[in-house]
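The structure appears below as structure tokens.
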Amino acid sequence: MSTPEERMRELGIELPEAIAPVASYVSTARTGSLVYTAGQIPLVKGELGVTGKVGAEVSAEEAARQARICALNAVAALKAEVGELSRVVRIVKVVGFVASAPDFDGQPQVMNGASDVLVEVFGDAGRHARSAVGVAVLPRDVPVEVELIAEIS
């Protein structure tokens with residue numbers, strides 16, 4: 001059985017550096033065997049590639065790609081907290097916020113971008129409960145934000 005880091009190398013997935021908080025919060029909070037990540041936006045090397053509402057300026061397919069970036073940023077925060085990703089017993093819960101045009105109702109499909117990469121990285125331990133919530137606006141006008149809860153050993 002390969003480690004999550006080995007799977008990422010095999011898949012050509014580069015884990016970014018954990019993003020430092022930009023306001024009055026911490027990137028992760030640990031209680032017992034659970035680690036909660038702060039909401040992660042789709043920053044790549046400090047830059048946003050896409051802004052706007054899904055179903056208006058941003059397609060659902062592009063938003064799913066952005067959700068994948070958010071999930072990888074959450075994994076980076078998790079790794080910064082616990083050291084080795086092999087300590088992750090499972091991803092317990094993912095919450096995704098999708099900045100949506102008023103008539104857009106494809107939030108679950110957008111969040112598949114995050115869910116799918118978590119299964120790629122963690123295998124069955126990446127399967128999780130999830131909420132996909134449509135919202136009016138997100139920080140910096142990003143189309144999606146993702147947070148997760150992980151159980152660690």
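The values are calculated or read from the model by the stated rules, or taken from the named source; none is laboratory data. Since the model is a prediction, treat every value here as computed from it, not as a measurement. Protein only, heavy atoms only, side chains kept; ligands, DNA and RNA dropped before computing areas. Shrake-Rupley method; radii C 1.70, N 1.55, O 1.52, S 1.80 Å.
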Using a 1.4 angstrom probe and counting only protein chains, how large is the accessible area of Asp103 in Å², to 10? 130
Taking a straight Cα-to-Cα line shorter than 15 Å from Lys79, and setting aside same-chain aspartates and glutamates fewer than 8 residues away, one finds Glu5, Glu6, Glu14, Glu17, Glu147, Glu151
Roughly how many Å is it from the Cα centre of region 85-153 to that of region 26-69, as a whole number? 8
Using modelled amide H (1.01 Å from N, peptide plane; none on Pro or chain starts), what sits under 5 Å from the amide H of Thr28, excluding residues fewer than 5 places away? Ala38
The ³J(HN,Hα) series, computed from each phi in region 104-118 with the Karplus coefficients 6.51, -1.76 and 1.60 at θ = phi - 60°, rounded to the nearest Hz and given as x for glycine or proline, is 7, 10, x, 4, x, 5, 4, 6, 4, x, 6, 4, 4, 5, 5
From the list (i) 42, 33, 27; (ii) 46, 37, 29; (iii) 52, 28, 23, can you say which value of Cα extents along the principal axes in Å was derived from the structure given? (i)
Could you please put Leu11, Leu118 in sequence from largest to smallest accessible area, using a 1.4 Å probe? Leu11, Leu118
Could you rank Glu62, Glu6, Glu17, Glu47 by how accessible they are, 1.4 Å probe, largest area first? Glu17, Glu47, Glu6, Glu62
Rg to Rh for region 1-83: what is it, with Cα atoms only and Rh by Kirkwood? 1.01
When the helices in the chain are scored as -39500 (n - 2.57) per DSSP H run of 4 or longer and the sum is shared across all residues, what 222 nm value do you end up with, to the nearest 500 deg cm²/dmol? -10000 deg cm²/dmol
